[in-house]
Structure formats: structure tokens, C-alpha cells
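> Have a look at the structure that comes next, please.
The values are calculated or read from the model by the stated rules, or taken from the named source; none is laboratory data. What you see is a predicted model, and the numbers here were worked out from it, not measured in a lab. Cβ: placed from backbone, ideal geometry, glycine included. Neighbour counts: every protein chain shown.
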Amino acid sequence: MKIRCGYEITYQVPHSSPMILMLNVAPDREKDLLSPDRITFNRPVPTTEYHDMFGNRCLRVAADPGTLVITNDFVVQDPGELDVYEPDAVQHAVEDLPTECLMFLLGSRYCETDRLSDTAWSLFGNVPKGWPLVQAILDYAHDRITFGYQYARATKTAFDAHQERQGVCRDFAHLAVTLCRCMNLPARYATGYLGDIGVPISEDPMDFSAWFEVYLGNRWYTFDARHNKRRIGRIVMARGRDATDVAITTTFGSAWLAGFKVITDELPG
């Protein structure tokens, strides 16, 4: 299938403000692009592209005062298949994990393994390791948190979401990631496009989405604690330890979000 993706994000910049944008598709999806994934602006701005420590594409921007409109509109080919299901995927002993996975066992800004470790072991200590353990964590996070955009808070951590039992997709992902790490499952946070493809159309405005990935059986698998079901048409933009690493925009100065529109539509044919 073909999926049209894009956005229009508007900032009011009262004073010169450097920014980092993480708004391109992940490098492993670039091969699927049918049109250029090119970030454009309503006025000339100096930009420099680089890849961060996780391999994500990043764009440095030097924004002068005024209105800054950031846009993109592209088409990507997608196999149209549900997230991979592999119930026999095994959990590796920590000593057998690839070195690059070890950082995804540790606590991070929004994933406080130290505060949830006892809870995790009391809940899941007797669950069979591997896929069944991830599914148990997935079910718990999905049932524990009530979704609502009004519950969003930039400072909310996995522990906060667990205690408050309310949140948005990033909170579901943070809680599941944290519980997985507590149980020695390498887990990383992912963000990207997830349109209403193969499911009823939501009345909510389209937004970027957050899910997570777990390392089992020598590869990473996708899981989604908010929806707790396999979905079609995920287009990854970035991966990291938590939302800190994959913020779509990071500003170093005054810049106020004035408009936000995301496009994720399946194209006919």
C-alpha cells in the first residue's frame, strides 16, 4: 500500500532560537520512499543535517525571530502487514545480549526502573520469559492507563503515569518500556506515523504516535501498549531510550507552538 505522510508545524519565534528537528523517517524506511522526504520552511533558515547516537536523522536549524512554518508531504510504500507476531521468540540472558542492547536495560529520564522494579517483579516474576512476559506487561500497561489528550504533561514519567493511571500514547510506551527493562528485557521507545488504517477512523485529530520495541530472539519486535493490538502502516521516525531522545522538535530559546497538523492517509490503488 501507499501511505501519504506529512505535517505542518508552526512556531512563533520571538527571539533567535536554535532548534533540532527529528521529523524525517528513520533511515531503515528510506528505501520505501516514493517521493522525497524533504523538510521545508516558509522562509530561508540555515540548516545542518546529522545522525545521532541512535542513528536517527536530525536537522539543526537556526531560527530567526518571526513565524516559522515547518512542512513536509511525501509518499511511502508499506507492505500493509500487521506488526510481526512471534510467540516463540526467546528472551536472552543479559550476559548473552549484544553490547548495543545493554543501554536499553537501564533507567532513563522518563523510565525510572529503580522506582518500578519491585512492582514489576511482584507482578511478572512468575510469568514465562520471552514473548509471554512482554504480552503480560503490554496487557498491564494498557489496562492500567486511561487514554486522554487532556492527561498529557511534558514532565510525566512512567512512575507518574503508573500512579495517576492516566496519559497519552507516550505514557503507555514509557510505562511498558520501564517494566520490560525491570524484567531484563531490552526495550526502546519509538515514534512515528500511525494512521487509522485497518481500524475505525478516530474522531481525534491525526497526531504522531508512540510505541516501543523489545529485543527478543536476536531482533527487535514492535509492541503498542496504548492500542494493545497489531496494527498496519507504522512509519518509524526515530528510536531512543525514551521521549527525550526522539523529541520531534527541541528548542534552545523562545519558540511557541502555534499550529500543528499531521497527515497519515492510505492512498487508493
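> Quick check: is even one residue across region 82-91 over 30 Å from V127 (Cβ atoms) and either touching a Leu at 6+ places or on another chain (Cβ under 7 Å) or of a type in the set (A, V, I, L, M, F, W, C) (or both)? Quick ask: steps written out before the conclusion?
To start, the set of residues in region 82-91 that are over 30 Å from V127 (Cβ atoms) comprises none.
No.
> Out of the residues in region 7-44 meeting the condition of being farther than 21 Å from R60 by Cβ and touching a residue at least 12 places away in the same chain (Cβ under 8 Å), tell me which one is surrounded by the fewest Cβ atoms within 10 Å (Cβ to Cβ).
Filtering region 7-44 for residues farther than 21 Å from R60 by Cβ gives 28-29, 31-35.
This time we only want the ones that are touching a residue at least 12 places away in the same chain (Cβ under 8 Å), so: 28-29, 32-35.
On the way: D28: 10, R29: 19, D32: 15, L33: 15, L34: 13, S35: 12.
Of everything passing the filter in region 7-44, D28 is surrounded by the fewest Cβ atoms within 10 Å (Cβ to Cβ).
> Still on this structure, please answer the following. Restricting attention to region 75-90, does a residue exist that is more than 30 Å from F260 (Cβ to Cβ), part of a loop (DSSP other than H, G, I, E, B) and in contact with an Asp or Glu (Cβ under 7 Å, 6 or more places away or on another chain)?
Our first condition is that a residue be more than 30 Å from F260 (Cβ to Cβ); within region 75-90, this holds for 84-90.
Now narrow it down to the ones that are part of a loop (DSSP other than H, G, I, E, B): 84-90.
Checking which are in contact with an Asp or Glu (Cβ under 7 Å, 6 or more places away or on another chain) leaves us with none.
Checked region 75-90: no residue is more than 30 Å from F260 (Cβ to Cβ), part of a loop (DSSP other than H, G, I, E, B) and in contact with an Asp or Glu (Cβ under 7 Å, 6 or more places away or on another chain).
> From the list E112, E100, which residue is among the acidic types (D, E), within 23 Å of A247 (Cα to Cα) and touching a residue at least 60 places away in the same chain (Cβ under 8 Å)? First the steps, then the outcome.
Details: E100 fails: touching a residue at least 60 places away in the same chain (Cβ under 8 Å).
Going through E112, E100 in turn, the sole match is E112.
> Moving to a separate point now. Quick check, is A238 in a strand (DSSP E or B), over 24 Å from D143 (Cα atoms) and in contact with a helix residue (DSSP H, G or I) (Cβ under 6 Å, 6 or more places away or on another chain)? Can you show your working first?
On the way: in a strand (DSSP E or B): yes; over 24 Å from D143 (Cα atoms): yes; in contact with a helix residue (DSSP H, G or I) (Cβ under 6 Å, 6 or more places away or on another chain): yes.
Here the answer is yes, as A238 does meet what is asked.
> Another question, then. Any residue at all in region 112-128 that's under 17 Å from P186 (Cβ atoms), in contact with a strand residue (DSSP E or B) (Cβ under 9 Å, 6 or more places away or on another chain) and in a helix (DSSP H, G or I)?
No: zero hits.
> Now, a different point. Suppose we filter region 46-68 for residues that are more than 24 Å from the chain's Cα centre (by Cα) and surrounded by 15 or more Cβ atoms within 10 Å (Cβ to Cβ); how many remain?
2
> Here are some conditions: (1) exposed (fewer than 11 other Cβ atoms within 10 Å of the Cβ); (2) within 21 Å of R241 (Cβ to Cβ). V94 meets all but one. Which one does it not meet?
(1)
> Among the residues of region 196-252, write down those that are of a type in the set (F, W, Y), closer than 18 Å to D83 by Cβ and surrounded by fewer than 18 Cβ atoms within 10 Å (Cβ to Cβ). Reasoning before the result, please.
Initially, region 196-252 is screened for residues of a type in the set (F, W, Y), giving 208, 211-212, 215, 220-221, 223, 252.
Retained after the next criterion (residues that are closer than 18 Å to D83 by Cβ): 208, 211-212, 215, 220-221, 223.
Answer for region 196-252, where residues must be of a type in the set (F, W, Y), closer than 18 Å to D83 by Cβ and surrounded by fewer than 18 Cβ atoms within 10 Å (Cβ to Cβ): just Y221.
> Follow-up. Just checking, does region 73-96 include any residue being at pLDDT 95 or above, more than 24 Å from the chain's Cα centre (by Cα) and more than 30 Å from H227 (Cα to Cα)?
Taking every residue of region 73-96 in turn, at least one turns out to be at pLDDT 95 or above, more than 24 Å from the chain's Cα centre (by Cα) and more than 30 Å from H227 (Cα to Cα).
> In the set R165, R188, R153, which member is touching a strand residue (DSSP E or B) at 6+ places or on another chain (Cβ under 7 Å) and free of Cβ contacts under 8 Å to residues at least 24 places away in the same chain? Walk me through it before giving the result.
Values: R188 fails: free of Cβ contacts under 8 Å to residues at least 24 places away in the same chain; R153 fails: touching a strand residue (DSSP E or B) at 6+ places or on another chain (Cβ under 7 Å).
Going through R165, R188, R153 in turn, just one is touching a strand residue (DSSP E or B) at 6+ places or on another chain (Cβ under 7 Å) and free of Cβ contacts under 8 Å to residues at least 24 places away in the same chain: R165.
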